[in-house]
1. For the stretch 156-178, enumerate the residues that are in a helix (DSSP H, G or I) and closer than 22 Å to Pro145 by Cβ.
2. So in the stretch 273-287, with the set limited to residues that are of a type outside the set (D, E, K, R) and touching a residue at least 40 places away in the same chain (Cβ under 8 Å), which one is surrounded by the most Cβ atoms within 10 Å (Cβ to Cβ)?
3. What are the residue pairs meeting all of these: first residue in the stretch 250-272, first residue assigned to a loop (DSSP other than H, G, I, E, B), second residue among the hydroxyl-bearing types (Ser, Thr, Tyr) and surrounded by 22 or more Cβ atoms within 10 Å (Cβ to Cβ), Cβ atoms under 8 Å, and 6 or more apart or on different chains?
4. Scan the stretch 297-324 and report the pairs whose first residue is assigned to a loop (DSSP other than H, G, I, E, B) and whose second residue is among the basic types (Lys, Arg), with Cβ atoms within less than 7 Å and a gap of 6+ or a chain change.
5. Against the condition away from the ligand (no atom under 16 Å from the Cβ) and of a type outside the set (A, V, I, L, M), how does Glu20 come out, does it pass?
6. Name, by its number, the condition in (1) within 26 Å of Arg141 (Cβ to Cβ); (2) part of a helix (DSSP H, G or I); (3) more than 11 Å from the ligand (Cβ to nearest atom); (4) in contact with a Phe, Trp or Tyr (Cβ under 8 Å, 6 or more places away or on another chain) that does not hold for Val291.
7. Mind listing just one residue for me: the one in the stretch 129-154 that is within 15 Å of the ligand (Cβ to nearest atom) and surrounded by fewer than 19 Cβ atoms within 10 Å (Cβ to Cβ) and, of those, nearest to Cys41 (Cα to Cα)?
8. Quick check, is Gly280 more than 10 Å from the ligand (Cβ to nearest atom) and modelled with pLDDT under 95?
Amino acid sequence: MKNYDVIVIGTGCGAIISDEASGRGLKTALIDKGPLVGGTCLNWGCIPSKQLIYPADRIVEIEDSGKLGITAEVKNVDFAAIMKRVRKSRRDSQAHVREALERAENLDFYLSEARFVGDYTLEINGEKLKGEKIFIATGSRPFIPPVKGLENIDYLTNESALELKERPDSLIIIGGGYIAVEYGHFFAAMGTKVTILEMADRLILSEEPEIAELLKKKLSKRMNVRTGAQVGEVKAGKSGVTVVARDKKTGKERRFTAQRIMMAVGRRSNADLLQVENTGVELDERGFIKVNEYMETSRKNIYAVGDANGRQMFTHMANREAAIVVQNVLHGTDIEVDYGAVPHAVYSHPQIASVGLKEEEARKEHEIVVSRTAYYDVAKGEAMMETEGFAKVILEKETDNILGFHIIGPYAPELIQEVVNAMTSGGDINELNEGIHIHPALSELIPTVVNSVGEG
Ligand SMILES: Cc1cc2nc3c(=O)[nH]c(=O)nc-3n(C[C@H](O)[C@H](O)[C@H](O)COP(=O)(O)OP(=O)(O)OC[C@H]3O[C@@H](n4cnc5c(N)ncnc54)[C@H](O)[C@@H]3O)c2cc1C
């Protein structure tokens with residue numbers, strides 16, 4: 001049995017914790033099952049997907065440039081080169097991460113799957129490790145629903161899609177969340193005939209209904225988007241894979257056939273691999289690890305951060321939780337993680353960004369006023385001929401505090417940041433009004449929508 005002051009499982013946001021612990025001279029173990037180190041964001045999530053989406057955005061812009069009086073045509077898209085660049089970037093970052101791990105003092109790195117075998121005790125490759133403080137940062141993996149016939153199909157996920165060397169001619173994406181629409185946008189721009197099958201009545205349930213509606217309208221110009229489509233069976237045939245889906249409204253069964261299918265219906269916890277029950281750590285009904293406001297699990301001195309606790313499954317939040325927990329545990333502070341202004345973005349085309357409450361949620365707890373402004377109503381939006389994108393603000397009626405802010409349109413993820421900062425400093429709309437905004441710039445959208453509240 002090896003004893004450690006600190007054991008961290010997972011090299012995504014977990015690396016923030018192991019860095020700090022080993023840097024402070026604590027005897028630290030960092031474990032990752034691999035095969036790649038650095039976690040989902042770096043290897044299969046944010047970074048590779050955005051490297052794919054950047055060229056996809058350029059293609060769609062070129063194809064849309066007719067409205068600006070430009071006749072342009074995309075002559076060739078080198079799919080293999082785009083995919084190769086992503087894999088090369090990943091190899092380069094692997095080298096950096098591994099080198100940093102080797103250099104670190106007071107740190108033992110284990111490239112092996114860990115599981116709890118007793119109280120505060122883990123087993124890796126037959127070796128037992130005991131930790132005084134244990135940080136679980138084991139993340140999540142694709143959720144694969146039990147669909148008849150799926151076990152016989154070589155389906156893609158956000159992981160295996162990155163290994164593609166040839167563009168599929170056609171692709172059915174099962175799921176309609178942000179991973180599905182981002183990959184739908186990418187493959188459609190590459191020239192793949194894409195079909196998205198989503199069981200719910202709209203895409204991306206976490207967004208405002210009118211944003212989901214505009215997203216569906218825009219994507220539908222480039223691909224087949226079916227909402228309310230319940231997939232019951234998949235079958236391999238000569239012409240590819242056939243997906244049998246029932247239309248929830250009409251009850252009718254429809255068949256869709258494509259060369260490949262991709263599963264993107266959500267994420268599931270990795271807590272099962274870790275067998276956390278063997279150290280008495282409790283899970284919630286979805287299988288994610290239960291934590292309190294300090295990220296502590298049901299066992300003292302065992303913490304769970306990032307996707308492992310299933311609270312806000314984004315890298316920026318995983319990193320924030322890790323930074324706060326390590327500060328509290330190693331530096332004796334008492335900081336609670338603040339989820340009041342957690343933004344997120346969807347890099348589809350159009351882009352989406354949101355922070356805070358949606359209108360329906362806000363209405364349940366507050367008296368609210370809501371306003372929307374189109375990109376076209378600010379000078380830069382008009383110059384861009386952006387006629388459909390808009391921003392929506394939800395304010396508390398009495399205080400004028402911002403409760404929620406939602407944008408669909410170009411640069412939405414960049415535009416939302418000043419709202420996030422204002423909400424983090426209390427949410428007073430004057431935070432947005434007092435700073436002078438460059439004219440003409442898309443950022444004028446933010447004060448414009450806030451000040452249009454009450455204009456009817
Ligand atoms: C396609 C895709 C796109 C995304 N895009 C974005 C985005 O644009 N912006 C954003 O903020 N978020 C995005 N996300 C979400 C983001 O990737 C995650 O929220 C984030 O990576 C979670 O970090 P983490 O440290 O909690 O877990 P991870 O990064 O998943 O790290 C967990 C680590 O634990 C290891 N592990 C698991 N179980 C064990 C075990 N039993 N023993 C040893 N090691 C184990 C794994 O190998 C892994 O390396 C995306 C996700 C996907 C899938």
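The values are calculated or read from the model by the stated rules, or taken from the named source; none is laboratory data. Bear in mind that the values here come from a model prediction, so they are computed numbers and not experimental data. As a convention, Cβ positions derive from the backbone with ideal geometry for all residues, glycine included, and neighbour counts pool all protein chains shown.
1. Residues satisfying the conditions are Ser160, Ala161, Leu162, Tyr178.
2. That would be Val276.
3. The qualifying pairs are Ala264/Tyr183; Asn270/Thr138.
4. Taking only residues 6 or more apart or on different chains, the pairs are Thr297/Lys290; Ser298/Lys290; Asn301/Lys133; Gly310/Arg286; Met313/Arg267.
5. When the stated conditions are applied, Glu20 does not pass them.
6. In the conditions (1) within 26 Å of Arg141 (Cβ to Cβ); (2) part of a helix (DSSP H, G or I); (3) more than 11 Å from the ligand (Cβ to nearest atom); (4) in contact with a Phe, Trp or Tyr (Cβ under 8 Å, 6 or more places away or on another chain), Val291 misses (2) alone.
7. Filtering the stretch 129-154 for residues that are within 15 Å of the ligand (Cβ to nearest atom) and surrounded by fewer than 19 Cβ atoms within 10 Å (Cβ to Cβ), the one nearest to Cys41 (Cα to Cα) comes out as Arg141.
8. no
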